[in-house]
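Following: one structure in structure tokens, then a few remarks.
The values are calculated or read from the model by the stated rules, or taken from the named source; none is laboratory data. Because the structure is a prediction, the values reported are computed rather than measured. Positions of Cβ are backbone-derived with ideal geometry, glycine not excepted, and every protein chain shown enters the neighbour counts.
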Amino acid sequence: MTMTDVAMTLMTTLPDPTPEQPPGTEGITTLLNWLSWIVIIMGMAGFLISAGYLAFASFTGREINGFKGLVIAIIVCILATGAGAIMRFFV
């Protein structure tokens, strides 16, 4: 028997449980959803503010500050959506 046959046999015999939310965690899930939306909205506001700053700073030669703000806002949005996906996977 080869390793592939053993792996296929194990995969067919493993149980496939359906995930269920633990009782009493509905409030936590709602709070996490609200928090996720707030962080994403603030990240988008930071992105727009940094983009506006970048447009005006291009006249004075301080573009790097606007660029840093854009990068930070993008990272915040990515982390917020990533954290939401991870929480939805476990909860």
task = Evaluate region 51-66: report whether one residue or more is within 30 Å of Leu31 (Cα to Cα) and either of a type in the set (D, E, K, R) or within 17 Å of the chain's Cα centre (by Cα) (or both).
result = no
key: Filter result (in a loop (DSSP other than H, G, I, E, B) and modelled with pLDDT of 80 or more) within region 1-42   = Pro23, Gly24
Where a residue in region 18-47 is hydroxyl-bearing (Ser, Thr, Tyr) and its partner, wherever it lies, is part of a helix (DSSP H, G or I), with Cβ under 9 Å and at least six apart = Thr29/Met87; Thr29/Arg88; Ser36/Ala80; Ser36/Thr81; Ser36/Ala83; Ser36/Gly84; Ser36/Met87
